[in-house]
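Input: a single structure, listed below in structure tokens.
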Amino acid sequence: MLHVDKSIAGRIITVTSINGVITYPGLSVYCATKFGLEGFSNVLRQELGQQHGIRVITIRPGDFARATSIMAQHQRLAQEMWDEMPADQQSEEGELFHRYHENTLKNYGLTSPPSIEGSQLLQDIKEAVLGIKPKDTYLSAAFTHRIVYNIMMTLPRKWTDYVLAKGYKTHA
């Protein structure tokens, strides 16, 4: 439990990602860090919430790949991974590796807005910072994408794994 000065109330706002609750093939480390932040924020909410008057708010941006430069180095990094991969692993996994990265480059940011300006993310940050009664969690994406994300979070994991494997062509 953290030591808290009881005379100070406020808000802790953490920006994670939709990948903190929905995993995607090829993003294992990224998803793990976001899941970790989600867990940390949940515990802080329990420890600091009602007892200390500190609001702990989590903002989960959806796809903003086209509005940022997050994918700018993907091709170079994929090539570095390939170049450092042992020859036997290249022959074993080469087709899947190349198909995955080609598909990723072709399809990334399909649901991303072209810009962060005017996006749901900025609206949610504004409400989290300035709102009188902010929510504990915000899913920052366009309305239709929030519906899809909520369905994915509700479906059995086996189903979402199947859909994502088909979409990302991770099956041989």
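The values are calculated or read from the model by the stated rules, or taken from the named source; none is laboratory data. Worth saying up front: this structure is predicted, and the values here are computed from it rather than measured. Reconstructed Cβ throughout: ideal geometry from the backbone, glycine too, with neighbour counts over all protein chains shown.
Only residues that are among the charged types (D, E, K, R) and closer than 12 Å to residue 23 by Cα: list them for the range 141-157, please. Even if it seems obvious, please write down each step before you answer.
Initial filter on the range 141-157 (among the charged types (D, E, K, R)): 146, 157.
Residue satisfying the conditions is 157 alone.
So which of 66, 76 ends up being within 27 Å of residue 144 (Cα to Cα) and out of contact with any strand residue (DSSP E or B) (no Cβ under 6 Å at 6 or more places or on another chain)?
Numbers: 76 fails: within 27 Å of residue 144 (Cα to Cα).
Selected residue: 66, the only one of 66, 76 that is within 27 Å of residue 144 (Cα to Cα) and out of contact with any strand residue (DSSP E or B) (no Cβ under 6 Å at 6 or more places or on another chain).
Criterion applied to 130, 96 was being exposed (fewer than 14 other Cβ atoms within 10 Å of the Cβ) and either modelled with pLDDT under 90 or among the β-branched types (Val, Ile, Thr) (or both), and the one residue passing it is 96. For the range 136-172, a residue qualifies if it is within 30 Å of residue 92 (Cα to Cα) and assigned to a helix (DSSP H, G or I), and the qualifying residues are 157, 158, 159, 160, 161, 162, 163, 164, 165, 166, 167.
From the list 108, 138, 149, 162, which residue is surrounded by fewer than 16 Cβ atoms within 10 Å (Cβ to Cβ) and within 15 Å of the chain's Cα centre (by Cα)? Walk me through how you get there before you give the answer.
Numbers: 138 fails: surrounded by fewer than 16 Cβ atoms within 10 Å (Cβ to Cβ); 149 fails: surrounded by fewer than 16 Cβ atoms within 10 Å (Cβ to Cβ); 162 fails: within 15 Å of the chain's Cα centre (by Cα).
Just one listed residue meets the conditions, 108.
For residue 68, are the conditions met, namely being under 24 Å from residue 123 (Cβ atoms), among the β-branched types (Val, Ile, Thr) and either at pLDDT below 85 or surrounded by fewer than 17 Cβ atoms within 10 Å (Cβ to Cβ) (or both)? In short, yes.
For every residue, the table says whether it meets (1) loosely packed, with under 13 Cβ neighbours inside 10 Å; (2) touching a Lys or Arg at 6+ places or on another chain (Cβ under 8 Å); (3) in contact (Cβ under 8 Å) with a residue 24 or more places away in the chain; (4) not hydroxyl-bearing (Ser, Thr, Tyr).
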| residue | (1), (2), (3), (4) |
| --- | --- |
| 41 | no, no, yes, no |
| 80 | yes, no, no, yes |
| 104 | no, no, yes, no |
| 113 | no, yes, yes, yes |
